[in-house]
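What follows is one structure encoded as structure tokens, with my remarks underneath.
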Amino acid sequence: MRKAGWISLLALPFFSLIAGPDIAPAQSGSAIALPDGFTNLSVTALLATGPDDRRGARAMFWEQVALLPPNARMRVTGSLVKMLKAASEQRQKIEIAATLGSAGAPWTTPTLNADVTWIYSAYRQTNNENMKAMLDYALQNAAGLYRDGIHDYNTDKLARVAQAPAKLAAMADKFPKSRYAENAGFYVGPALVKTYLFKDSRGIALINDANAAFERYIKRTENDEFTKREYLAAGYFFRALDGLITGNVAETKDWLNRGLSKFTDDDKIYIYQLFPSPDPALVLDDFLPAHKVFATTLRFLNAHPNASDKDQTQLLAAIRTIR
């Protein structure tokens with residue numbers, strides 16, 4: 001019943017906004033000017049929805065917004081951010097931030113840079129943990145930041161994969177105290193490696209860039225620039241694997257030995273694949289004890305001194321034995 005009530009509360013005003021006399025094309029004919037009333041009504045409806053139905057209600061809000069032309073969608077989202085800034089009630093702020101975070105596609109506004117900067121500032125200033133989490137959730141879903149970059153990284157299209165490093169770096173560099181910043185800082189390296197392996201025209205220079213990205217991530221994490229260090233062991237491990245791409249096994253061993261001396265099996269390394277590949281047989285998708293990963297990989301390289309990234313199947317088989 002709560003969900004049905006939310007639908008009836010939003011749907012009639014929304015479609016009247018699309019077709020009604022209050023909505024007229026801009027003089028250029030390129031956009032529809034939507035009043036803030038739609039956003040205000042939508043947030044009121046969301047707050048009236050029971051907790052169990054609220055996730056679905058947010059999804060329905062974005063489904064209806066998706067019916068609009070791009071410029072109109074941007075205006076609605078801009079109105080939502082404006083309402084977030086003006087809200088005096090904590091409950092309202094949390095719901096608006098959660099709605100921005102739940103957008104199915106990265107959200108944008110006419111003043112995106114100013115808006116994400118404001119959200120990050122509000123995130124840093126609040127002491128309320130729920131508010132903090134929702135503001136950060138909204139921030140990472142903005143266009144050009146963490147989730148946008150991860151979506152690009154996870155595709156199999158070179159044109160999109162090649163866009164991922166800049167978006168991930170923007171998240172890590174501009175908003176380092178976000179809980180998503182460390183993730184983003186780490187994934188810059190794998191995104192550059194994937195761009196290379198997908199045959200980008202920049203060639204081996206991308207691996208040099210990936211090396212620099214991994215090393216910068218490691219330095220920043222060890223200097224406590226981020227709020228956590230969940231990917232640190234993986235940073236050492238995947239920096240090591242870059243040596244196999246360039247044929248520098250000595251470099252790979254050096255980074256593996258660094259990791260071996262630094263991490264214990266209480267530390268974990270998440271491995272989806274050793275090197276990006278469309279072959280599902282090369283998917284591991286597991287968290288493994290870090291010390292054992294470094295030691296096992298070193299043993300493999302000692303037994304296969306001319307190993308390269310082309311030996312992924314054999315190396316993966318050795319890593320699969322780790323328990």
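Taking the Cα centre of the chain as origin and charging only Cβ (+1 Lys, Arg; -1 Asp, Glu), how large is the dipole, in debye to the nearest 20?
On the way: 38 positive and 33 negative charges, 47 e Å.
Using Cβ point charges on Lys, Arg, Asp and Glu, the chain gives about 220 debye.
Short version: ³J(HN,Hα) in whole Hz for each residue of region 148-158, in order, from phi by Karplus 6.51 cos²θ - 1.76 cosθ + 1.60 (θ = phi - 60°), x for Gly and Pro, what are they?
4, x, 5, 4, 5, 4, 7, 8, 10, 10, 4
With a ≥ b ≥ c the root eigenvalues of the C-alpha gyration tensor of region 218-323, is it rounded (a/c under 1.5), prolate (a/b larger than b/c) or oblate? Let's see the in-between values first.
On the way: a/c = 1.60, a/b = 1.37, b/c = 1.17.
It comes out prolate by the Cα gyration axes.
Ignoring everything except DSSP H segments at least 4 long, calculate the 222 nm mean residue ellipticity for the chain; use -39,500 (n - 2.57) per segment, divide by total residues, nearest 500. Can you show the working numbers first?
Numbers: 16 runs with 208 residues, N = 323.
Rounded to the nearest 500, the figure is -20500 deg cm²/dmol.
Give me 107, 118 sorted ascending by neighbouring Cβ count inside 10 Å, so fewest comes first.
Values: 107 28, 118 16.
With the fewest neighbours first, 107, 118 line up as 118, 107.
Of 93/219; 85/177; 85/194; 199/262, which ones are farther than 31 Å apart at the Cα?
Flagged as over cut-off: 93/219; 85/194; 199/262.
Going by C-beta contacts inside 10 Å, put 283, 81, 43 in order with the fewest on the left.
Details: 283 12, 81 26, 43 20.
With the fewest neighbours first, 283, 81, 43 line up as 283, 43, 81.
Leaving out same-chain residues fewer than 8 places away, which aspartates and glutamates sit with a Cα under 17 Å from that of residue 228?
Here the aspartates and glutamates satisfying the reach criterion relative to residue 228 are 129, 136, 173, 182, 215, 266, 267.
With θ set to phi - 60°, apply the Karplus curve 6.51 cos²θ - 1.76 cosθ + 1.60 along region 56-71 and write out the HN-Hα couplings as whole Hz, x wherever there is a Gly or Pro.
Couplings: x, 5, 4, 4, 5, 4, 5, 4, 6, 4, 5, 6, 7, x, x, 5 Hz.
How far is helix 129-140 tilted, in degrees, relative to the longest principal axis of the Cα atoms in the chain, given as a value from 0 to 90 rounded to the nearest 10?
Compared with the principal axis, the helix lies near 80 degrees.
How many angstrom lie between the Cα centre of region 97-116 and the Cα centre of region 147-217?
21 Å
Estimate the FRET efficiency between residue 313 and residue 228 by the formula 1/(1 + (r/R0)^6), using the beta-carbon distance for r and 22 Å for R0, to the nearest 0.05. Show your work: numbers first, answer last.
Values: r = 33 Å, r/R0 = 1.50.
In this case the efficiency is close to 0.10.
Positive end of the dipole of the chain, charges at C-beta (+1 Lys, Arg; -1 Asp, Glu), about the Cα centre: which of 169, 246, 65 has its Cα farthest in that direction?
Highest projection toward the positive end goes to 65.
To the nearest 20 Debye, how big is the dipole of region 197-301 about its Cα centre, given +1 on the beta carbon of each Lys and Arg and -1 on that of each Asp and Glu? Please list the in-between numbers first.
On the way: 14 positive and 16 negative charges, 40 e Å.
Computed about the Cα centre, the dipole is about 200 debye.
Taking 0.36 nm per residue of sequence separation and subtracting the Cα-Cα distance, how much length would be gained by fully extending the chain between residue 47 and residue 320, in nm to one decimal? Don't skip to the end; give the middle numbers.
On the way: separation 273, 0.36 × 273 = 98.28 nm, distance 4.80 nm.
The span from residue 47 to residue 320 would gain 93.5 nm if fully extended.
Candidates (i) 21.9; (ii) 20.4; (iii) 19.9; which is the computed Kirkwood radius over Cα pairs in Å?
Matching entry in (i) 21.9; (ii) 20.4; (iii) 19.9: (i).
Using the Cβ atoms and a cut-off under 13 Å, what net charge is assigned to the surroundings of residue 294, where Lys and Arg are +1 and Asp and Glu are -1?
Working: positive: 239, 253, 258, 262, 268, 292, 299; negative: 254, 265, 267.
Result for the local shell: +4.
Return the FRET efficiency for the residue pair residue 285, residue 89: r is the Cβ-Cβ distance, R0 is 35 Å, and the value is rounded to the nearest 0.05. Let's see the in-between values first.
Values: r = 42 Å, r/R0 = 1.20.
According to the calculation, E is roughly 0.25.
Tell me which residues come under 5 Å, amide H to amide H, from residue 269 once H is placed; ignore anything under 5 positions away on its chain.
288, 290
Any read-out appearing in this document is the output of simple, stated calculations on the displayed coordinates, not a laboratory observation. It should be emphasised that the depicted structure is a prediction, and the values quoted were computed from it without experimental measurement. With ideal geometry, Cβ positions are generated from the backbone for all residues, glycine too; neighbour counts draw on all protein chains shown.
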